[in-house]
Amino acid sequence: MISHSRPTIDDSDVKAVIETIKSGYIAQGNKVRELELEFSSYIGMQPGVATSSGTAALHLALIALEINDGDEVILPTYVCTAPLNTIYYVGAKPVLVDIDEDTFNLKVSDVRKKLTKKTKVIIVPHMFGQPANIDELLKIGLPIIEDCAHSVGAHYKGKKTGSFGIISVFSFYATKVITGGEGGMVLSTESKLLSKIKDLRDYDAKDDFKVRFNYKMTDVEASLILSQLAKLPFFIARRKKIAGMYNASLSDCNFTLPVSCVDREHIFYRYVVKIKSDVRVYLEALKRKGVMCDIPVYRPLHRYLGLTGFDSADQVYQSAISIPIYPSLQTREIDSIIKALQRVNERLS
Ligand SMILES: *Cc1c(COP(=O)(O)O)cnc(C)c1O
């Protein structure tokens, strides 16, 4: 069985983790500081703040921007529930917007429609590794939090995602682009916001009391992420290579393939196609051929909240499937995936 996703871990990763464990310094320490420097410099930003998860990073970002009760936060409906949760953590009101059917990213015209006097910030995920329409979103003039959980190393107009918003957040969960098992990072153009976030991450040895968190990353996680970061250019090249193979082999199938946009570099965290027949039946047929595909977003947020009027997200939800793509996929596995898709396509469309 070919799994839908899995981390790409090699001996050098294992060695890095063992060295850290043996050093006796396993909680937040020098490795976390080293990662904060190296990761930020890779994105092209001043040193950020490492956290225990992407969710913790988003939570601290909203607090640092002073988002409170009654404030409205815009986010797309077609994303996992992590950003939605963090908006509720700070007592703010989520305002969902529809997506662009081709890129799966925020639909800018819908963002503009849903702005009110209370809108304080827009959360912008770069879905599946394809950068969102950043220029058009920045033109709105509100602060932007880039959610780069899918887009580490992706470029928009020659600059990396995570260098456009006032704050950007990253996730190092097991199956993300690079991993520490868990982990997150906050970057910002504003040093003041970073100091605030750093202070809130950790409760110990403070001169005053206010509500703070334990959102620290461990040195064990940081040493794994550092080891992965060194291989990131290779990981991205491999993802793009596999996407190219899928593009070439699946163009005759009855699919809508991923779009490429001028000035945007997609890193293919996910390879998502839209099919014309029933998604469940399709996934089941692929599974019988030994290939685990999946729906890319478990459930659009408006469906959890009982809201309607998100036609593009609904259309995508009913037609999108995510095909295995990760650096450790072997060539023979890629061949089996392509063959399985071609066969199932013939039979079901
Ligand atoms: C994974 C993910 C998160 C949350 O990151 P965790 O590290 O799992 O907390 C947030 N946003 C998006 C788009 C994600 O994919």
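At least 3 residues being within 13 Å of the ligand (Cβ to nearest atom) and farther than 30 Å from Gln315 by Cα is the threshold, and among the strands (runs of 3 or more DSSP E) wholly inside segment 97-192 those reaching it are 184-188. The C-beta contact set for segment 336-349 (first residue within 8 Å of Lys289 (Cβ to Cβ), second residue of a type in the set (Val, Ile, Thr) and at pLDDT 95 or above, distance under 6 angstrom, 6+ apart or interchain) comprises Ala340/Val291. It is to be established whether one or more residues within segment 297-315 are under 22 Å from Gly244 (Cα atoms) and modelled with pLDDT of 95 or more. Checked against the condition, which is being under 22 Å from Gly244 (Cα atoms) and modelled with pLDDT of 95 or more, segment 297-315 yields no hits at all.
Being of a type in the set (A, V, I, L, M), modelled with pLDDT of 95 or more and either in a strand (DSSP E or B) or surrounded by 19 or more Cβ atoms within 10 Å (Cβ to Cβ) (or both): is that true of Leu35 here? For Leu35, the condition - of a type in the set (A, V, I, L, M), modelled with pLDDT of 95 or more and either in a strand (DSSP E or B) or surrounded by 19 or more Cβ atoms within 10 Å (Cβ to Cβ) (or both) - is met. Taking the criterion of being within 14 Å of the ligand (Cβ to nearest atom) and either at positive phi or free of Cβ contacts under 8 Å to residues at least 40 places away in the same chain (or both), no residue of segment 51-81 qualifies. List pairs: first residue in segment 293-310 and touching a residue at least 12 places away in the same chain (Cβ under 8 Å), second residue β-branched (Val, Ile, Thr) and assigned to a helix (DSSP H, G or I) anywhere in the structure, Cβ distance under 9 angstrom, at least six positions apart or on different chains. Close Cβ pairs satisfying both conditions: Cys293/Ile337; Ile295/Val279; Pro296/Val316; Val297/Val316; Pro300/Val316. Going by what's in this entry, would Gln28 be described as within 18 Å of Phe164 (Cα to Cα) and either of a type in the set (Ser, Thr, Tyr) or more than 16 Å from the ligand (Cβ to nearest atom) (or both)? The answer is no for Gln28. Considering only residues in segment 82-93 that are under 30 Å from Ser260 (Cα atoms) and surrounded by fewer than 23 Cβ atoms within 10 Å (Cβ to Cβ), the one that is nearest to the ligand (Cβ to nearest atom) turns out to be Ala82.
Of everything listed in (1) surrounded by 19 or more Cβ atoms within 10 Å (Cβ to Cβ); (2) in contact with a strand residue (DSSP E or B) (Cβ under 7 Å, 6 or more places away or on another chain), the single unmet condition for Tyr269 is (2).
Taking the criterion of being among the polar types (S, T, N, Q) and in a helix (DSSP H, G or I), the residues of segment 221-259 that qualify are Ser223, Ser227, Gln228, Asn247, Ser249.
Every residue, every condition in (1) crowded, with 17+ Cβ neighbours inside 10 Å; (2) modelled with pLDDT of 95 or more; (3) out of contact with any Phe, Trp or Tyr (no Cβ under 8 Å at 6 or more places or on another chain); (4) of a type in the set (Asp, Glu), yes or no:
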position	(1), (2), (3), (4)
Cys253	yes, no, yes, no
Val262	no, no, yes, no
Tyr282	yes, yes, yes, no
Lys289	no, yes, yes, no
Arg332	no, yes, yes, no
Asp335	no, yes, yes, yes
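Sub-9 Å Cβ pairs linking a first residue in segment 101-114 that is surrounded by fewer than 20 Cβ atoms within 10 Å (Cβ to Cβ) to a second residue that is part of a strand (DSSP E or B) and of a type in the set (Phe, Trp, Tyr), at least 6 apart or interchain, number zero. The criterion of being surrounded by 16 or more Cβ atoms within 10 Å (Cβ to Cβ) and under 23 Å from Ile225 (Cβ atoms) does not hold for Gly181. Of the listed requirements (1) within 17 Å of Thr189 (Cβ to Cβ); (2) more than 15 Å from the ligand (Cβ to nearest atom); (3) of a type outside the set (Gly, Ala, Ser); (4) touching a strand residue (DSSP E or B) at 6+ places or on another chain (Cβ under 8 Å), Phe39 misses just one: (2).
Of the residues Lys339, Lys274, the single one that is basic (Lys, Arg), over 25 Å from the mean Cα position of the chain (by Cα) and either buried (at least 16 other Cβ atoms within 10 Å of the Cβ) or more than 24 Å from Thr175 (Cα to Cα) (or both) is Lys339.
The values are calculated or read from the model by the stated rules, or taken from the named source; none is laboratory data. Keep in mind that this is a model prediction, so the values were computed, not measured. Note that each Cβ is placed from the backbone with ideal geometry, even for glycine, and that neighbours are counted across all protein chains shown.
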